[in-house]
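Comments concern the structure below.
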């Protein structure tokens with residue numbers, strides 16, 4: 001059986017600045033069906049989440065082999081609270097196994113369902129990272145059709161923070177002409193910090209042909225401009241990923257960094273290649289994971 005807990009290594013991407021961590025996904029695919037999502041480029045039926053076969057059995061096997069000092073990220077290519085989790089409860093079962101062992105966890109989600117498990121999370125070595133790309137509910141409904149409304153996600157930030165659970169907010173991805181207005185982005189960051197977010201992670205959209213076509217179709221008035229921004233004026237990276245120009249990225253990321261630091265939170269960028277814009281002990285927020293439970297010897 002293949003591993004369900006493995007070292008996070010995004011295609012050995014030289015742009016990645018993440019500290020060492022494991023990745024663990026209870027599901028293959030993600031039913032949030034975000035238009036910008038990259039997983040559709042390598043996962044068949046990417047927007048139909050399904051549980052990994054024998055996930056819990058494999059999880060118990062894998063954690064016997066890991067270094068307990070290295071945090072586990074749940075999850076990077078599939079939201080651990082993708083809609084089917086409401087009934088299947090694989091993520092909750094995983095937390096019931098991992099938290100009492102004192103393992104360090106960071107949960108990445110854009111779902112309000114994470115609040116169901118607050119009873120477990122508040123007792124463990126756990127930080128939570130919430131993705132909020134815009135506070136415009138109409139735009140969010142188009143680009144993240146099956147995810148909760150962004151204002152509901154802000155409430156999640158607040159409720160987690162009230163329980164002294166460290167919260168990171170990811171403003172990711174920033175898509176030209178869609179959600180790149182600097183004032184609106186600053187508003188996302190400001191509201192997140194007011195609700196208790198300690199760390200802000202910002203990242204621009206990294207285009208692949210399939211997700212770019214989805215966005216162009218969803219926004220016909222600006223679809224051509226989005227494509228030209230990437231395919232004509234952008235930078236082609238390995239694995240046929242397209243970045244915005246360095247000039248564009250530096251301008252907006254610097255503005256958001258300065259704003260975030262002024263608002264009193266730490267800041268980082270994700271897979272941008274600009275280490276000078278990482279103003280925290282870690283880019284992903286794993287430095288915020290609390291030490292509430294002493295790690296047990298796993299055998």
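Numerical summary
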| quantity | calculated |
| --- | --- |
| The chain: C-alpha gyration tensor shape, a/c 1.5 cut-off, then a/b vs b/c | prolate |
| Virtual paramagnetic centre 7 Å along Cα→Cβ of residue 3, amide N under 15 Å, in region 53-70 | 58-70 |
| Kirkwood Rh and Cα Rg combined as Rg/Rh, region 38-145 | 0.98 |
| Over the chain: helical MRE at 222 nm, DSSP H runs n ≥ 4 each giving -39500 (n - 2.57), nearest 500 | -9000 deg cm²/dmol |
| Within a Gaussian network of the chain (alpha carbon springs, distance under 10 Å), most fluctuating of 68, 173, 150 | 68 |
| 0 to 90° range, to nearest 10: angle between helix 182-194 axis and the chain longest Cα axis | 20 |
| Distance from region 101-123 to region 164-179 (C-alpha centre basis), Å | 18 |
| Nearest 10 degrees, 0 to 90: helix 246-263 Cα axis against the chain principal axis | 60 |
| Using a Förster distance of 35 Å, the FRET efficiency for residue 238-residue 120 (Cβ separation, nearest 0.05) | 0.35 |
| Cα centroid separation - region 211-248 against region 31-90, whole Å | 28 |
| Computed lengthening from residue 142 to residue 225, 0.36 nm per intervening residue step minus Cα-Cα distance | 28.1 nm |
| Candidates 137, 203, 129: whichever shows maximal mean-square fluctuation once the chain is modelled as a Gaussian network with Cα springs under 10 Å | 137 |
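Values in this text are rule-based calculations from the coordinates and carry no lab data. Being a predicted model, the structure only gives us computed values, none of them experimental. Counting neighbours? That spans all protein chains shown, and the Cβs are built from the backbone with ideal geometry, glycine included.
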